[in-house]
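In what follows, a single structure is set out as structure tokens and then discussed.
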Amino acid sequence: FLEDYTNEELELRTGHCAWTIELIEIMAKVYDVKDLRLQAFHDHMTSLTGQFSIVENEDKSKSDGILQTITTSGQIGFRVILEMKNEIGRGRSDPTIQAALSYAKYWAQPQRKHVRASCCCPSLLLAIAGPWRHLHRIARLFEAIRLTAQYLDNYYQTLSIVYNNTTQPLYPYPHQYVTESNTVIHFTYEDYLTEDSKKTIFKGKTTDGYPIVIKFSQRYNTYAHNLCAQEGLAPRLFYVSKEKFGGWYMIIMEYIEGETLNTLQIDKTEYDNVLKSVSKAIHILHCKDIVFGDLRKSNIMVMNSDKGCHGMLIDFDWAGEHGKDRYTSKMNPDIRWPTGVEGNAIMDKAHDLYWLDKLEENE
């Protein structure tokens, strides 16, 4: 939905702008009571998305409108949940908050348990208050709503209902990826990879039992990762999505048994071996004019093998071209970054060398 709505090049169907003008005129009117505004909105929306219905919960609570789809097994999926205020500022609560509460109530009903067990219950929440302006933006908004409602209709119609207990709906919805040889690999999520559940990185397993890491990131340097992986200095990379999932790339890599350098106490010989691996990885990247960007101990994995202790780089989110690419705008102010490093600053190889010096000092 967000990708369609923010896409200023989104193609609008013939007659859609005229439909939007009519909607603006309908919503610009003054209505004595909310029910009149709501009915006028319902009537006009029918030609765009189909008829809204009123659905009551067990406690008799209800939203101002629902678009629902029946799955192949007879379960109900809620595509769009509507909340409306007659005028801005009227009523006892914000319609956006009401829409969120309605979503929670609808999906928490006992009769929805099988759908809850089968998916993450995607719904579009539509909150409306009073009159509108700005024709093209509103036209694009409702075209995005139409496309999303259409997508969710197909999603719920084809949803395979699960009747046993599963935690999979608690994780992101992608459950497969396609290899370079066009082989479809299915996988399940097992747990968060770290104790920090705010991080979008998970441990998973393919259907043939191979352990993997599933990561979601808003940027990722595939080239940099592969350069290091070819030398055994990063986990093998299996997949990076070409398109974003709601603004996030999906990255699949091998799961490595080990711990990050910031969590370990190792002797000097082992530490020197890890540092040697990291220095080699940075040298490989710098030879290709790539800056790693965030060379803290938390981004260095330590493994023990027959060849002894060695290190790997595990986070290529920030990696970028020297003198050209920029750091993310969100930088932790509590970290002592190298001189010149701040939000949106140009990346420089010298910044990696700063971190290497810190590692050599074992700070």
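Brief remarks on what is shown
- Test: residue in the stretch 188-202 that is surrounded by 18 or more Cβ atoms within 10 Å (Cβ to Cβ), modelled with pLDDT under 90 and of a type in the set (Val, Ile, Thr): no
- Of residues in the stretch 121-146 being under 17 Å from residue 99 (Cα atoms) and assigned to a loop (DSSP other than H, G, I, E, B), the one modelled with the highest pLDDT: 123
- Answer from 290, 346, 335, 314 - the residue that is touching a strand residue (DSSP E or B) at 6+ places or on another chain (Cβ under 8 Å), of a type in the set (Val, Ile, Thr), under 20 Å from residue 219 (Cβ atoms) and surrounded by fewer than 17 Cβ atoms within 10 Å (Cβ to Cβ): 346
- Taking first residues from the stretch 317-336 that are in contact (Cβ under 8 Å) with a residue 12 or more places away in the chain and partners that are assigned to a loop (DSSP other than H, G, I, E, B) and of a type in the set (Asp, Glu), the Cβ contacts under 7 Å between residues at least 6 apart in sequence or on separate chains come to 318/294; 321/289; 322/289; 322/348; 323/348; 331/342.
- Test result for residue 139, surrounded by 15 or more Cβ atoms within 10 Å (Cβ to Cβ), touching an Asp or Glu at 6+ places or on another chain (Cβ under 6 Å) and either without any contact (Cβ under 8 Å) to a residue 12 or more places away in the chain or in the same structural domain as residue 63 (by TED's automatic domain parsing) (or both): no
- Matching residues, the stretch 110-129, being surrounded by 16 or more Cβ atoms within 10 Å (Cβ to Cβ) and over 13 Å from residue 169 (Cβ atoms): 123, 124, 125, 126, 127, 128, 129
- Test: residue in the stretch 28-35 that is within 22 Å of residue 114 (Cα to Cα), surrounded by 13 or more Cβ atoms within 10 Å (Cβ to Cβ) and not aliphatic (A, V, I, L, M): no
- Subset of the stretch 33-69 [more than 22 Å from residue 13 (Cα to Cα), outside any loop (DSSP other than H, G, I, E, B) and touching a strand residue (DSSP E or B) at 6+ places or on another chain (Cβ under 6 Å)]: 38, 53, 56, 62, 65, 66, 68, 69
The values are calculated or read from the model by the stated rules, or taken from the named source; none is laboratory data. This one's a predicted model, so the numbers in the text were calculated from it and none came from an experiment. Note that each Cβ is placed from the backbone with ideal geometry, even for glycine, and that neighbours are counted across all protein chains shown.
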